[in-house]
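All remarks here apply to the structure that follows.
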Amino acid sequence: MDSSWENLLQDEHQLEVLAQQAVDRALAEGVLLRTAQEPSSSTVVSYAPFTLFPSLVPQSLLEQAYAVQMDFNVLVDAVSQNAAFLEQTLSSTIKRDDFTARLFDIYKQVLKEGIAQTVFLGLNRSDYMFQRSSDGSPALKQIEINTISASFGGLASRTPAVHRHVLSVLRRTEEAAKILSNNPSKGLALGIAKAWELYGSANALVLLIAQEKERNIFDQRAIENELLARNIHVIRRRFEDVSEKGSLDQDRRLFVDGQEVAVVYFRDGYMPSQYSPQNWEARLLLERSCAVKCPDIATQLAGTKKVQQELSRVGVLEALLPGQPEAVARLRATFAGLYSLDMGEEGDQAIAEALAAPSRFVLKPQREGGGNNLYGDEMVQALVRLKDIEERASYILMEKIEPEPFGNCLLRPGSPARVVQCISELGIFGVYVRHGKTLVMNKHVGHLLRTKAIEHADGGVAAGVAVLDNPYPV
Ligand code: ADP
Ligand code: MG
């Protein structure tokens, strides 16, 4: 199998023509974003950036990522129910990181009052890169798990048609048929539908928390559409709307605009900039309610980078998942090196190693959404500044994954099509529903491949760095 599709093209002109065909197909399929300039416009939308070709991914790694997803679901759910673990793990971080501290504060308030919620819904996405090795067989290594607002499940169901189109134009019909079908938004909606059903109130709604100006609305709408097809109605509201029009009754049932809410689905609320004092109040109100939050505050905390780092410590997985050695082994196989920067000898040593070989590490604060991590010189400067102060505990250090670069063409509105060296990140969507103590759903529901040029160390699709892609299994 030829590893570079671009060799099938004769010249630059053919590349341009093919790119135009791909863009038209993407527009027709609804691979869309609203624009930054006109985020509310119905006349101006653009295609979401994507690769001209599907990128090669070893079949065995795809299978491994799918197989470990149910374990990650169980793990996140276990962490979210383990108050002692969360408290201990985050104790140093919350002293120095205000955002995590605010979240933790809400968590403590809810614990103190007693958790009214009885149905729990996790919609997450575990992300991986393929670490190259000397023997030529790459290894699956987790970058992070997203437990709140994991996105692009909607648009990812529409990109396979685009890549099949491209390969068909190139008369590679057999190869076109190998591009996997994918429908994460349907699976995510089935999770929401199950939680809604278990909540058990026929007239209650799903409340989708989002900002007013949302560029990625078509991705969110894909889930709304799936729910409506099952006669489950969704209302979109901002945190501000909840704070103005939301209330709890004496049983802590949640009402917004007089309508009962069964499930709250957050597509907002994962970054500090998304919270005004009013929004924090709204978040607390939602958390205190018996509505199914996706995620509840504990599950959001379970997705922090500090928790990820502690999970990699010897014996921790075993303690969280007793009697499940196979699951523990599958999970651990995907862990890269992760290092605590808490004050003390262990943290001192990690810093010394990172300063001695900066290209082998990434410095990560407790943030989501891309563009927050530090690499290379920036990382060194930060470590020198943080070395002796407690603020360092709000970060973790991670081994830098080095995938083997390959050629692909990144298509973005307004940029010429050309082949550049790229690396990919594979995400697997996971869904679980727990009713009281019983796990009633635990599945993987699809994948997302994102690809970026090698010169960008950090950043996802929303950050304007990575683009949508499809794995071509080899
Ligand atoms: P965020 O929550 O901001 O998405 P991530 O941990 O996913 O944080 O990091 C953002 C991006 O940085 C990733 O999509 C990936 O491109 C890059 N990155 C993160 N960790 C590593 C790592 N250990 N090795 C190589 N690249 C990484
Ligand atoms: Mg990420």
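Can you find a residue that is in contact with a Cys (Cβ under 8 Å, 6 or more places away or on another chain), away from ligand 1 (no atom under 12 Å from the Cβ) and open to solvent by 10 Å² or more (accessible area, probe 1.4 Å) anywhere in region 388-401?
First, the residues of region 388-401 that are in contact with a Cys (Cβ under 8 Å, 6 or more places away or on another chain): none.
Checking region 388-401: not a single residue is in contact with a Cys (Cβ under 8 Å, 6 or more places away or on another chain), away from ligand 1 (no atom under 12 Å from the Cβ) and open to solvent by 10 Å² or more (accessible area, probe 1.4 Å).
Name the strands (runs of 3 or more DSSP E) wholly within region 382-454 that hold at least 2 residues that are under 21 Å from the mean Cα position of the chain (by Cα)?
Of the strands (runs of 3 or more DSSP E) lying wholly inside region 382-454, those with at least 2 residues that are under 21 Å from the mean Cα position of the chain (by Cα) span 395-399, 419-435, 438-453.
Restricting to region 443-458, count the residues that are within 15 Å of ligand 2 (Cβ to nearest atom) and either without any contact (Cβ under 8 Å) to a residue 12 or more places away in the chain or open to solvent by 20 Å² or more (accessible area, probe 1.4 Å) (or both).
Total satisfying the criteria: 4.
Condition test on Leu9, is it buried (at least 16 other Cβ atoms within 10 Å of the Cβ) and closer than 20 Å to Val162 by Cβ?
On the way: buried (at least 16 other Cβ atoms within 10 Å of the Cβ): yes; closer than 20 Å to Val162 by Cβ: yes.
Considered against the rule, which asks whether it is buried (at least 16 other Cβ atoms within 10 Å of the Cβ) and closer than 20 Å to Val162 by Cβ, Leu9 comes out as yes.
Are there any strands (runs of 3 or more DSSP E) wholly within region 204-320 with 1 or more residues that are without any contact (Cβ under 8 Å) to a residue 40 or more places away in the chain, and if so which? Before you say what the answer is, go through the steps one by one.
Working: elements: 205-209, 234-237, 246-248, 254-256, 259-266, 292-294.
So the answer is 234-237, 246-248, 254-256.
May I ask you to verify whether Leu155 is open to solvent by less than 20 Å² (accessible area, probe 1.4 Å) and closer than 28 Å to Glu404 by Cβ? Steps first, answer last, please.
Details: open to solvent by less than 20 Å² (accessible area, probe 1.4 Å): yes; closer than 28 Å to Glu404 by Cβ: yes.
Against the criterion (open to solvent by less than 20 Å² (accessible area, probe 1.4 Å) and closer than 28 Å to Glu404 by Cβ), Leu155 qualifies.
From the list Ala84, Ala67, Ala116, Ala48, which residue is open to solvent by 10 Å² or more (accessible area, probe 1.4 Å), on the phi < 0 side of the Ramachandran plot and under 23 Å from the mean Cα position of the chain (by Cα)? Quick ask: steps written out before the conclusion?
Values: Ala84 fails: under 23 Å from the mean Cα position of the chain (by Cα); Ala116 fails: under 23 Å from the mean Cα position of the chain (by Cα); Ala48 fails: open to solvent by 10 Å² or more (accessible area, probe 1.4 Å).
Every option except Ala67 fails the conditions.
Taking the condition out of contact with any Phe, Trp or Tyr (no Cβ under 6 Å at 6 or more places or on another chain) and under 23 Å from Leu188 (Cα atoms), does Asp24 pass? Show your work before the answer.
Details: out of contact with any Phe, Trp or Tyr (no Cβ under 6 Å at 6 or more places or on another chain): yes; under 23 Å from Leu188 (Cα atoms): no.
When the stated conditions are applied, Asp24 does not pass them.
Quick one: how many residues across region 172-194 are under 23 Å from Leu9 (Cα atoms) and open to solvent by less than 60 Å² (accessible area, probe 1.4 Å)?
Going residue by residue through region 172-194, those that are under 23 Å from Leu9 (Cα atoms) are 172-179.
Pick out the ones that are also open to solvent by less than 60 Å² (accessible area, probe 1.4 Å) and you get 175-176, 179.
Of the residues in region 172-194, 3 are under 23 Å from Leu9 (Cα atoms) and open to solvent by less than 60 Å² (accessible area, probe 1.4 Å).
For residues that are in contact (Cβ under 8 Å) with a residue 40 or more places away in the chain and open to solvent by 10 Å² or more (accessible area, probe 1.4 Å), scanning just region 426-442, find the one that is farthest from Ser151 (Cα to Cα). Break it down stepwise before answering.
Start the filter on region 426-442 by keeping residues that are in contact (Cβ under 8 Å) with a residue 40 or more places away in the chain, which leaves 426-436, 439-442.
Subsequent filtering for residues that are open to solvent by 10 Å² or more (accessible area, probe 1.4 Å) retains 434-436, 439-442.
Numbers: Arg434: 22, His435: 25, Gly436: 27, Leu439: 24, Val440: 24, Met441: 20, Asn442: 19 Å.
Among them, the one singled out is Gly436.
How many of the residues in region 39-90 are farther than 23 Å from Leu121 by Cα and of a type in the set (Asp, Glu)?
1
Val169 - would you say it is in contact (Cβ under 8 Å) with a residue 24 or more places away in the chain, surrounded by fewer than 19 Cβ atoms within 10 Å (Cβ to Cβ) and away from ligand 1 (no atom under 16 Å from the Cβ)? I'd like the intermediate steps shown before the answer.
Details: in contact (Cβ under 8 Å) with a residue 24 or more places away in the chain: yes; surrounded by fewer than 19 Cβ atoms within 10 Å (Cβ to Cβ): yes; away from ligand 1 (no atom under 16 Å from the Cβ): yes.
Spelling it out, Val169 is indeed in contact (Cβ under 8 Å) with a residue 24 or more places away in the chain, surrounded by fewer than 19 Cβ atoms within 10 Å (Cβ to Cβ) and away from ligand 1 (no atom under 16 Å from the Cβ).
Name the pairs: first residue in region 362-374 and within 20 Å of Leu103 (Cβ to Cβ) and in contact (Cβ under 8 Å) with a residue 12 or more places away in the chain, second residue open to solvent by 30 Å² or more (accessible area, probe 1.4 Å) and more than 10 Å from ligand 2 (Cβ to nearest atom), Cβ to Cβ under 6 Å, at least 6 apart or on different chains?
Going by the 6 Å Cβ cut-off, the qualifying pairs are Pro365/Tyr395; Glu368/Tyr270; Gly369/Met271.
The values are calculated or read from the model by the stated rules, or taken from the named source; none is laboratory data. Here the structure is a predicted model, which means the values were calculated and not measured. Note: ideal-geometry Cβ built from the backbone for every residue, glycine included; neighbour counts use all protein chains shown. Keep in mind that these areas ignore ligands, DNA and RNA; they rest on the heavy atoms of the full protein, side chains included. Shrake-Rupley method; radii C 1.70, N 1.55, O 1.52, S 1.80 Å.
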